[in-house]
Amino acid sequence: MVVTAAAIEWRRTAAWGAAPLTGYYAVFVLLLMNGRLLVSGYAVYGTYENIAASALIVYATISQIGRALTVRLTWLGRMAFGVCSMIWGGAHFIYMNLTAPLVPKWLPSGQVFWGCVTGVCFIAAGLGILTGIQARNTVTVKI
């Protein structure tokens, strides 16, 4: 895992690092965990889905596998990433007793407030990723 993660850092070896990383996490989640642990303990194991989706997107965009396959794999990775973000947002509300203590007490409005705001933002980001809706660029730079 360390070697494949390091390989992603350089453009020349990124595809060689992303492919086994995607495969490892997909096999780990789907076969070894049999999917049941992912559902019952998403707060602990949900990160694996995100890493697999990210590595798939890196592999699809960097490797030279053909346009049609690149588009399909990038779309699949984006969908998995969006679903993962929405589930994380929901987990903020379901596991608020674990989320709130992670927020510094000195922030105004309280720990639960910021836990809820973060959950809403994760859900909004997931919806944006899944639908392709992006923020409007309102900044114009004149040179």
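The values are calculated or read from the model by the stated rules, or taken from the named source; none is laboratory data. Not measured: the values here are computed from a predicted model. Only protein heavy atoms, including side chains, enter the accessible area calculation; ligands, DNA and RNA are left aside. Shrake-Rupley method; radii C 1.70, N 1.55, O 1.52, S 1.80 Å.
When you work out D = kT/(6 pi eta Rh) for segment 45-134 at 25 °C and 0.890 mPa s, using the Kirkwood radius from C-alpha pairs as Rh and the Stokes-Einstein form, the result is 171 µm²/s. Within the accessible surface of segment 52-95, defined with a 1.4 Å probe on protein heavy atoms only, the carbon and sulfur portion equals 71 percent. Note on surface exposure: 130, 56 rank 130, 56 by accessible area, highest first, 1.4 Å probe.
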